[in-house]
1. Residues that are under 29 Å from the mean Cα position of the chain (by Cα) and part of a loop (DSSP other than H, G, I, E, B): does region 226-239 have at least one?
2. Considering only region 104-117, I want to know if a residue exists there that is under 21 Å from Asn37 (Cα atoms), surrounded by 17 or more Cβ atoms within 10 Å (Cβ to Cβ) and of a type outside the set (D, E, K, R).
3. Scan Tyr143, Tyr72 and give me the residue that is touching a strand residue (DSSP E or B) at 6+ places or on another chain (Cβ under 6 Å) and farther than 30 Å from Tyr312 by Cα.
4. Identify all residues within region 100-153 that are among the charged types (D, E, K, R), part of a helix (DSSP H, G or I) and over 15 Å from Asn79 (Cα atoms); write none if there are none.
5. Taking the stated definitions as given, is Tyr110 in contact with a Phe, Trp or Tyr (Cβ under 9 Å, 6 or more places away or on another chain), among the hydroxyl-bearing types (Ser, Thr, Tyr) and free of Cβ contacts under 8 Å to residues at least 40 places away in the same chain?
6. Got a sec? Which of Glu251, Glu298 is surrounded by fewer than 18 Cβ atoms within 10 Å (Cβ to Cβ) and either under 32 Å from the mean Cα position of the chain (by Cα) or at pLDDT 70 or above (or both)?
7. Could you please let me know if Ala84 is of a type in the set (Gly, Ala, Ser), within 27 Å of Thr347 (Cα to Cα), in contact (Cβ under 8 Å) with a residue 40 or more places away in the chain and in contact with a Phe, Trp or Tyr (Cβ under 7 Å, 6 or more places away or on another chain)?
8. Provide a single number: the residues in region 75-112 that are more than 28 Å from Leu159 (Cα to Cα) and touching a Lys or Arg at 6+ places or on another chain (Cβ under 9 Å).
Amino acid sequence: MDTTEAIAPEALSDLIGAIYDCALEPERWQQTQQQINAFCDSPFGGLGINDSRTGYIGVYQHGYSPDFIANYPAYASLNPIFDAASLKAVGEVNTQAMLFDQAEFLETRYYRECLSRFGYRDLIGFIGLKSGSRVAFLHAGRYDHQPSYGEREIGRMRLLVPHICRALKISDALDLRTITSAMLESTLNTLAAGVFLLDGQGRVVYTNTAGERLLRRSQALHVVQGRLRAREPGAQQALERTLESLASDGETISTTIALGNGADPGFVASILPIDRGQRRGVFAPFAAAAAMFVQDPEVAPLMPGEAFAKLYGLTAGELRVLLAMAPGLGLTEAADMLGIGESTARTHLQRIFAKTGTSKQVELTRLLMSSTPPVAAR
């Protein structure tokens, strides 16, 4: 089928131009989304940008009813569409039927209690950006009185894919080049480890959220006259020697020391020089010479998602069940939280066991925890 049939060259050129305008002025996505919807014969659609470091940071939509927009936040955590799409490759166009078994999707609480109320029928879209912690998903949708998406609409969306992906990549790159101390601070505050940035004399120039929590709760470290000190004398001597060696030895990459005072379970601190190489530019706003990372054992790390799913070949539905059960929920509780049937959840769990080579929930949880990144749970 010729998917370019009835496409006026001028109209396509204007739309592509509008897409690239969004690279420098992201607020233009709101208007450009209307053009994308029309190009794919869709009454509504949007571009959602999710950043795991700072939370949900942007949405540009057109055509959704005000009632849907008002009601969506209550059901956002039940939405399986973004999770399913995020497991696909950047630029891979998918319809709803390509992402889900339709019978299973129609069974979800998200569809029954949210989408069906507004006459939702079908979706077409793709992941336009995966950069660090940031993911962008562009989509268009149709109501139940309209036909499902077919090859014609898939072909039209594919014409736009390279331009949308490039525009999003340009915006992301510009954002990274203009990084400020506030943005770096936001990133450091997502870490589960306490981070202490120190100047050349050992004075504390910055402490992240986890570090402030550690100072309040732990007896191992405290700040005296602006300097970070270990309460146990041996640990303090090791800290002083390490900072001296980092200042005098340009070849030292990093070192670790033990912290504790008998009452605490103890920590292992990693100290990294940051006043050399590319790190000097990144941490310039803080005028810091060294970074000290101290793990707080009371802070739960962020559960791994996409990477874990890819490692073991899990589907989006299987991953959602796994993450729901990870904190210790039973199968019935997890199914209720996700808005799916218990039988569906049980099927997903059996498939997870088979793919990961586990047979019990405790084994599965241990495997998941061993894959967790050093990022604080939100």
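The values are calculated or read from the model by the stated rules, or taken from the named source; none is laboratory data. Predicted model, so just to flag it, every value in this text is computed and none were measured. Heads up, the Cβs are rebuilt from the backbone with ideal geometry, glycines too, and the neighbour counts pull from every protein chain shown.
1. Of the residues in region 226-239, the ones under 29 Å from the mean Cα position of the chain (by Cα) are none.
For region 226-239, residues under 29 Å from the mean Cα position of the chain (by Cα) and part of a loop (DSSP other than H, G, I, E, B): absent.
2. yes
3. On the way: Tyr72 fails: touching a strand residue (DSSP E or B) at 6+ places or on another chain (Cβ under 6 Å).
After applying the criteria, what remains is Tyr143.
4. Initially, region 100-153 is screened for residues among the charged types (D, E, K, R), giving 101, 104, 107, 109, 112-113, 117, 121-122, 130, 134, 142, 144, 151-153.
If we keep only those that are part of a helix (DSSP H, G or I) too, we end up with 104, 107, 109, 112-113, 117, 151-153.
Glu151, Arg152, Glu153, listed by residue number.
5. Numbers: in contact with a Phe, Trp or Tyr (Cβ under 9 Å, 6 or more places away or on another chain): yes; among the hydroxyl-bearing types (Ser, Thr, Tyr): yes; free of Cβ contacts under 8 Å to residues at least 40 places away in the same chain: no.
So Tyr110 does not fit the description; no.
6. Numbers: Glu251 fails: either under 32 Å from the mean Cα position of the chain (by Cα) or at pLDDT 70 or above (or both).
The conditions single out Glu298.
7. Numbers: of a type in the set (Gly, Ala, Ser): yes; within 27 Å of Thr347 (Cα to Cα): yes; in contact (Cβ under 8 Å) with a residue 40 or more places away in the chain: yes; in contact with a Phe, Trp or Tyr (Cβ under 7 Å, 6 or more places away or on another chain): yes.
It is true that Ala84 is of a type in the set (Gly, Ala, Ser), within 27 Å of Thr347 (Cα to Cα), in contact (Cβ under 8 Å) with a residue 40 or more places away in the chain and in contact with a Phe, Trp or Tyr (Cβ under 7 Å, 6 or more places away or on another chain).
8. Adding up the residues that qualify gives 3.
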